[in-house]
1. Residues that are touching a residue at least 40 places away in the same chain (Cβ under 8 Å) and either out of contact with any Phe, Trp or Tyr (no Cβ under 8 Å at 6 or more places or on another chain) or among the basic types (Lys, Arg) (or both), at least 2 per element: which helices (runs of 4 or more DSSP H) completely within the stretch 480-529 meet that?
2. Do we find a residue being in contact with a Lys or Arg (Cβ under 6 Å, 6 or more places away or on another chain) and in the same structural domain as ASN298 (by the TED database) anywhere in the stretch 165-183?
3. Mind telling me which of the residues VAL235, VAL300, VAL295 ends up being among the hydrophobic types (A, V, I, L, M, F, W, C), on the phi < 0 side of the Ramachandran plot and modelled with pLDDT of 95 or more?
4. Please go through the stretch 456-473 and give me each residue that is open to solvent by 40 Å² or more (accessible area, probe 1.4 Å) and within 14 Å of LYS513 (Cα to Cα), ordered by number.
5. Modelled with pLDDT under 85 and not in a helix (DSSP H, G or I): does that describe ILE101?
6. Which residue pairs have Cβ atoms under 6 Å apart, sit 6 or more places apart or on different chains, and have a first residue in the stretch 38-64 that is hydroxyl-bearing (Ser, Thr, Tyr) and a second that is outside any helix (DSSP H, G or I)?
7. Any residue in the stretch 32-51 that is closer than 17 Å to VAL117 by Cβ and of a type in the set (A, V, I, L, M, F, W, C)?
8. Would you point out the residue of the stretch 189-203, among those that are outside any helix (DSSP H, G or I) and touching a residue at least 12 places away in the same chain (Cβ under 8 Å), that is nearest to TYR282 (Cα to Cα)?
Amino acid sequence: MEQIKVLIVDDEYLIRNLIRKRINWEEQGMTIVGEASDAHEALNMVDTLRPDIVFTDICMPFIDGIEFSRMVTEKHPAIKIVIITGHDEFEFARRSIKLGIADFILKPIHAAELLNVTERLKKKIQEERTRKQEFEKLKEELRQSLPFLREKFLNRWILQRLSASEILEEQSFFNLPFTEGNLLRIAVLELSLTTPEQTQEQNLLLSMDGRKRVEAFFSGSPESVVFMDNKNQIVVITDVRGRDVAVDCELLKKDLIHSLKCFVCIGVGNRHSSLRDIPIGYREACRALNYKTFVGKNQVVCYEDVVESGEQQYRSNPELLEELHFYISAGAAEKAAAVLKEILRFPFSEVSQMRLAAMDIIAQCQNIEAEQKINGGDTLNKDTLAAVLLSDNLPDIQKKLEAHIAALSGSINAKNSTKAGYLIERVKDFLNKNLSSPDLSLVNTAAAFFVSPGHLGRLFKKATGQTFVEYLTDIRIKRAEILLKTTELKGYQVGDEVGIADPHYFCILFKKKTGKSVNEYRKGTKCNA
C-alpha cells in the first residue's frame, strides 16, 4: 500500500526536528513530505503535497493551530490532524474536538506516545483506503454491468405493466430519453440469413452486427433506444415527434439488406402516450412482425395496417388464443381451424371446462369483429351461441366454432379486399391528378393517405400486378403519348407535363416503353392521321 504522507507544522525548529527524529517513520510506513514554520506556509504545502497526517502546534504566530486546523478540515476533510499542546493549553485545545481533530500529543513529546498516535492513525488511514478501493471497485463493476442492467430493465419493461413510479425511477437511473405524455412507438426487427442452413452462432453474430447498424442508424436521434429482447430480436423505442417511424424503418430495412446481405422483417406498433403502455406497443409490434408469414420477407408491417386497434379480452390460454386471433384477423381460415383444434385438444375433465374454452374462443371472435368493424349476418346469433355454450359434447362445439371461424375469416377477407380496392382507386386518381409533379413517389403518396409505404406498395402490387414505380411510369408514358398526338408541345415540355423534368431521361424512358423516339412517334402519328 502507498506510504502515508506526513506534514509537520511548528514555529520552533527544535520541536519539528524532535518529531522527525523521535521515531523511525519508514518502519511506520510513513514519510515526512514537508515542514512548515507557520500556518500560511503550511496551507500552501497542504494544497501541493496533499499529506495524510498533519502534526501542528497549537500556539503559532498569526494563525493558531485551532484556526489552521479548521481551515484544513473544511477544504480537505480526509486529512488527519494531530494537535501538539502543553498541559496548560489542553483545555484550549479541547475546542478543536468539534473540528474533527484526530488526536493530541502533549509536550514534552515522548517516542512511545508518538508511536501510539501514529499506529492508530495508520490503521485508520489503511482502513479508509481499503474501503475507498472497494468502493471504487464496486463503482467500476457497476459501470461495466450498467449495459446489462439497462437491457434487463428494458426487457422487463416491454413484458410487464410496471408502475409509473418504478418506470420513472429506472428511467432516471439509466438515463432513458422518454417523457410521459410524448408519443412513443416501438419497432421490432427480425434478421435472418439468406442461406438455408443457419447455425446458432451465425444467427447471434448477425443479430449483434445488426444491432450495431441499427444503433448507428438512430445515433442522430437521442430520443431513441435500441436493445435486444429475449427472442434475440432488435427492439427500437422512439419518440415520434417530427419523424415518421414507418419511413425510417423502410430506409433502415434497405440499409440492413444492402450491408448485411440478409432478410429483414420489421413490425411497428401503434403510437402510445403513456410510458406504462410500452408493453402494449411491444405486443403490437410483435404481432405485426408475425404477418411476415403472409407478406413475405424484407417487409415493414405496421400494426394499424393489418388490425384495427382494440381492447384485448382475458384469455385462459394466452399463447394459443393470441395465435387464433392472429390467423382469423389475417383471414387464414385453415390455420385458424388448426389452432382451434389445438385449443380443444386439452384433456377436459368436465363439461364446464369445455364450455369455458368455447367462451374464450367466442370472446376472441367478438373482439376481432369489433376490431375489424364487422357486423351483420356473419356474427353468432343467439341460437347458435346458446347451442355452443349448452352443448355437452366436444365434437358439436368444435363443428359450430369451426363454421363460425370460417365465416368470420371469409368476411374479413372480403372486407379487406373491398377496402384495399377502394384505397387503390383513390391512389390511382391521386396519381393522375398530380402526374406533372416530379416529386411524386411511393413515400409521399403513402403519407397523403396515412398508410405506410410498405403497406401501400404491397396492396398496389396485388391489385395491379405492377410495382408502384412501374405503374407510375406507365401512366406517365401513356399521358405523354396523348400529348404528342394532340398538342404541338416540344419533347422536353411533354416531359415536364408528365413529371419527368430531365429531357434526356424522358427520351430514354419513352423509347424504352414505346420502341420509338419522341420524334419518330410524333411523325408516325401525323402520317397515320
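1. Filter on the stretch 480-529 gives 491-497.
2. Within the stretch 165-183 (the criterion being in contact with a Lys or Arg (Cβ under 6 Å, 6 or more places away or on another chain) and in the same structural domain as ASN298 (by the TED database)), the answer is yes, since at least one residue qualifies.
3. That would be VAL235, the only listed residue that is among the hydrophobic types (A, V, I, L, M, F, W, C), on the phi < 0 side of the Ramachandran plot and modelled with pLDDT of 95 or more.
4. VAL469, GLU470
5. So ILE101 fits the description; yes.
6. Matching pairs, first to second residue: THR56/VAL9.
7. Quick first cut of the stretch 32-51, residues closer than 17 Å to VAL117 by Cβ only: 32, 51.
Then keep just the ones that are of a type in the set (A, V, I, L, M, F, W, C); that gives 32.
Yes: the stretch 32-51 contains one or more residues that are closer than 17 Å to VAL117 by Cβ and of a type in the set (A, V, I, L, M, F, W, C).
8. So, considering only residues that are outside any helix (DSSP H, G or I) and touching a residue at least 12 places away in the same chain (Cβ under 8 Å), the one nearest to TYR282 (Cα to Cα) is LEU189.
The values are calculated or read from the model by the stated rules, or taken from the named source; none is laboratory data. In this text the structure is predicted, and so the values were computed from the model without any measurement. Every residue, glycine as well, gets a Cβ built from its backbone with ideal geometry; the counts of neighbours run over all protein chains shown. Areas reflect the complete protein model, heavy atoms only, side chains present, ligands, DNA and RNA absent. Shrake-Rupley method; radii C 1.70, N 1.55, O 1.52, S 1.80 Å.
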